[in-house]
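Input: a single structure, listed below in structure tokens.
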Amino acid sequence: MTDIFVKGAPAPPRRRRAQLNWLFTVLPAFPLVLLVLRLWYLSRQDLPTMLLLVQYISPLGMISALFITLVWTVPAVILVLRSLGGILLVSAPEEAGRSLLAVSALRMPDWVVVLAAVLASFTWQLRLLPALAMLVVSILGLTAVQRFRAARWAMVWVTIGVPVLVGALVLMFVWPGIETAVRDHEVSTALLLGVPPLLGPLMTGPVPAWSARLVTHWPAVASAFVAPFVIGVVFLRAPVLPDSAVEVGPDGGAVQVMRGQLVAVDDTSTTILQGNGDVTFIPNGQVRSRILCPSVKQAPDSKVSVRGWAVDDSALSWVAPTRPVTEVDPRCLGRAVNPQ
């Protein structure tokens, strides 16, 4: 199904192209705004410090931090857009030509959806995987309804039987985690694990035509407004400079340890950005030693685990190798190795 049929005259193609041109113009500017805000936040709103960071920080490093921090948002946008657009297409076909949501879902290639689902399965936390499973089931059912004219029993199986079966299997897998979450009074974790499998059959079938735009457009608009703020808050906390400790002192004198983020090392000095936003230039002749300090691992938000898998962890965190930290260097704690 590649053509869009509408009741009456279709939406003017020129208007649709104008809307897409505005969208394609704004999207590349959003990562740039995030990078500038990250430097502004890191410099404690001090313009000279920000200009210094711009001079020394590698754009590739900033982009890498942005990608690693926000990689999970890309499949979320793709899958939610395809699911909501598919519901609108099967519920109110006459709205297809006038809705950017429906047009985007209709023209989205299948391989993009597959790659988004695979990426989400590796990067999303366990607590979000039930929602991912239901999104995939919803997209499969909606795609079957749009493209195939199969027998009624086949459509019933695809739109009702498969979601019920997948939901039952997901519930069986996450049930120990739901019990633990309820016992520990973690309501949000229990809802994220238990509610999506129950909504599978509701996400594949059409809704009344009069409520189609209400069910699809308003959640999409709300997500579009909330997502930039959530993404901004997450990225503003992401590290973009290496945390280091530097031993400073003259030969034969007392040694002082300076903690901060290493900005640059040149022929004459070492530049450190301290936690309070002050920039310190240390002459290289006074630098006794330097060491990179491991990032502080935040305490998990939840104590719930499902069959030995913590709900805060993703599959990628299990597959990717990690650097074990068995002993913290005293310099990272602000103590010199040899004070004298």
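The values are calculated or read from the model by the stated rules, or taken from the named source; none is laboratory data. Being a predicted model, the structure only gives us computed values, none of them experimental. Glycine gets a Cβ as well: all are built from the backbone with ideal geometry, and neighbour counts include every protein chain shown. The protein model used for the area step is the full one, side chains on, heavy atoms only, and it has no ligands, DNA or RNA in it. Shrake-Rupley method; radii C 1.70, N 1.55, O 1.52, S 1.80 Å.
At-a-glance table
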read-out	value
Within segment 177-202, tally of residues that are open to solvent by 50 Å² or more (accessible area, probe 1.4 Å) and farther than 28 Å from Ser302 by Cα	1
Near pairs, Cβ below 6 angstrom, 6+ apart or cross-chain, from segment 236-251 (touching a residue at least 24 places away in the same chain (Cβ under 8 Å)) to any residue that is among the hydroxyl-bearing types (Ser, Thr, Tyr)	Leu236/Tyr41; Ala238/Thr69; Glu247/Ser289
Unique residue being more than 30 Å from Ala320 (Cα to Cα), among the aliphatic types (A, V, I, L, M) and in contact with a helix residue (DSSP H, G or I) (Cβ under 9 Å, 6 or more places away or on another chain) when the list is Ile139, Ile160	Ile160
Flag if Ser58 is more than 30 Å from Ser188 (Cβ to Cβ) and small (Gly, Ala, Ser)	yes
Members of segment 249-264 that are among the hydrophobic types (A, V, I, L, M, F, W, C) and over 15 Å from Leu53 (Cβ atoms)	Ala254, Val255, Val257, Met258
Members of segment 188-202 that are among the β-branched types (Val, Ile, Thr) and outside any helix (DSSP H, G or I)	Val195
Residue in segment 203-238 that is farthest from the chain's Cα centre (by Cα), counting only those that are in a loop (DSSP other than H, G, I, E, B) and loosely packed, with under 15 Cβ neighbours inside 10 Å	Pro208
Subset of segment 239-268 (residues that are open to solvent by 20 Å² or more (accessible area, probe 1.4 Å) and polar (S, T, N, Q))	Gln256, Gln261, Thr268
Subset of segment 151-166 that is farther than 21 Å from Ala133 by Cβ and open to solvent by 40 Å² or more (accessible area, probe 1.4 Å) - its residue that is modelled with the lowest pLDDT	Ala151
Criterion (among the aromatic types (Phe, Trp, Tyr) and in contact with a Ser or Thr (Cβ under 7 Å, 6 or more places away or on another chain)) met by exactly one of Trp175, Trp124	Trp124
Index of the failed condition, Thr143 passing every other in (1) within 23 Å of Leu100 (Cβ to Cβ); (2) touching a residue at least 60 places away in the same chain (Cβ under 8 Å)	(2)
